[in-house]
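What follows is a short report on a single structure.
The values are calculated or read from the model by the stated rules, or taken from the named source; none is laboratory data. None of these values were measured; they are calculated from a predicted model. Note: ideal-geometry Cβ built from the backbone for every residue, glycine included; neighbour counts use all protein chains shown.
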């Protein structure tokens, strides 16, 4: 197995969650989610030789994934025939509060999917725990601009959740 | 629910199951196959152009009238080279820089494709049309030289008729190719470009132009 193959496998084992969460947030249904994940994996595979270790692998993966999600052609007229979240893999929860958590999770995902693509990307990065400066670096904007964008995106998400 | 609660819910997602080794293998095989297919396609286009140019050059070496075939060979080579050069110019760079620049790069790539497909008549169909016309002229002139003036005078209407039938056929094929390219631009590339520009505008809009105070 080449270094390329080995690194790719290791990254996918260690950071597969990022791919899952991004493709889930940008897909319109389960089939689309699978397609998007496949596209991201291909892009990641192709981009790997240019990874020089300047960034954290998770940041690199996030950036590749967001790039694919934002750059792919979105089917404007295509909408899921039913609530595709029914088919979406959800957090496995046990015990009390599981149903509530499932409902909240669905509401968050539904609200995220209604956000504009760039807002969604900024929120996803924030939800993954990135700092304002990291967000600025990923998006190629100033730290203050990133702060403003993040603030607005959060407000819009909360409005969506209350709607 | 506030943002901290949303973040906590997000973080509470369990790690997905271990990556499926079979799936990873499939992705890697698929990626390699795609790369190979793109390379093969470029070579096939170049080799086809070279082959056609070689064929015209060979016909030129045996035909009684040389010039149309030599011109057809040169134009075919030119079209092949333009095709490969444009394809290479459109190859996307690998590796992300930042989202803003990646979006700008994606828009530039779509613009390149729009220009390429939008000008297909100029760089592809028109030169190939000239090649077809030269082939017809070369053939007609060759037949005239072979059969002699008397037979040519008697039968030239028939010869010309046969070749005239080729014109609408080739014209139809060219029109279909033009329509396919046109449709790709209007139905796919322009809407895609619009989406990319919207995302870029959303990202770069002035900090003070939003709808809320910060």
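Each residue in the stretch A:1-28 was checked for being outside any helix (DSSP H, G or I) and buried (at least 19 other Cβ atoms within 10 Å of the Cβ), and 1 pass.
For every residue, the table says whether it meets (1) more than 30 Å from residue B:201 (Cβ to Cβ); (2) modelled with pLDDT of 80 or more.
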site	(1), (2)
A:85	no, no
A:92	yes, no
A:95	yes, no
A:103	yes, no
A:111	no, yes
A:117	no, yes
A:122	no, yes
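Rundown of residues vs (1) surrounded by 13 or more Cβ atoms within 10 Å (Cβ to Cβ); (2) farther than 24 Å from residue B:60 by Cα, yes/no style:
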residue	(1), (2)
B:126	yes, no
B:138	yes, no
B:142	yes, no
B:164	no, no
B:169	no, yes
B:174	yes, yes
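Where residues in the stretch B:59-75 are buried (at least 17 other Cβ atoms within 10 Å of the Cβ) and at pLDDT 90 or above, which of them is nearest to the chain's Cα centre (by Cα)? Among them, the one singled out is B:75. Scanning the stretch B:191-203 for residues that are more than 9 Å from chain A (Cβ to nearest Cβ) and in contact with a helix residue (DSSP H, G or I) (Cβ under 7 Å, 6 or more places away or on another chain) yields B:193, B:197.
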